[in-house]
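Read the figures in this text as sums done on the coordinates, not as results from a lab. Nothing here was measured: the structure is a model prediction, and the numbers come from that model. Methodologically, a virtual Cβ is constructed for each residue, glycine included, from the backbone with ideal geometry; neighbour enumeration extends over all protein chains shown.
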Amino acid sequence: MSGILASTYFWTALSTAILFYILHHYGVFGIIGRALDRRAERISSELAEARRLRAEAEALLLEYERKRERAEGEAAEIVSAAREEAERISKDVEARLKEYIARRTASAEAKIAQAEEQAVADVRNAAIAAAISASETVLRGSVQGKTGEDLVRKGLGDVRTRLS
């Protein structure tokens, strides 16, 4: 026996057996088991919570993607409507501009025609005045006296009547 008592394997095995007996006697293995079970339950509940949160996050992601798609669609519709409105306004402005130019051109042409008529009337009046003056000069030089003056007045009246 002395060989066994001198062996370190024996003492290691004996101390390990005593340690396990003491641990078992005081219920340390049960405490460790319950602690491990609680930890396993806590980990499984955390995993379940993580799965639930992941499912919620995926649902939120899908919802936000749908909202983003809807918002992009609405934005595209708004841009399209704005382009159509801009084109309509552009056409409207162009039509108004053409109408304004036509009115201004007609007004300018009317003013030019009126100025031409006025110029023609001024030239005619100047020609009449020159003809009357020339006729008066010729008639005064040709006919003298009271009869000459009566003829000049009558002739000037006739010239004025015919030229007007």
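What to note about this one:
- Förster-model FRET efficiency, 35 Å R0, residue 8 and residue 37, C-beta, rounded to 0.05: 0.45
- ³J(HN,Hα) computed for each position of the range 102-114 - Karplus, 6.51 cos²θ - 1.76 cosθ + 1.60, integer Hz, glycine/proline x: 4, 5, 5, 5, 4, 5, 5, 5, 5, 5, 5, 4, 5
- Available extension along the chain between residue 56 and residue 123 is 14.4 nm, counting 0.36 nm per residue and deducting the alpha carbon span.
- Between the range 15-74 and the range 89-108, the Cα center-to-center distance that results, in Å: 77
- Placing unit charges on the Cβ atoms only, positive for Lys and Arg and negative for Asp and Glu, gives the range 2-163 a dipole magnitude near 340 debye about its Cα centre.
- HN-Hα J in Hz across the range 11-27 - Karplus 6.51, -1.76, 1.60, θ = phi - 60°, x for Gly and Pro: 5, 5, 5, 5, 5, 5, 5, 5, 4, 5, 5, 4, 4, 5, 4, 8, x
- With the simple model of a label 7 Å out from the Cα in the direction of the Cβ, residue 78 to residue 102 spans 3.8 nm.
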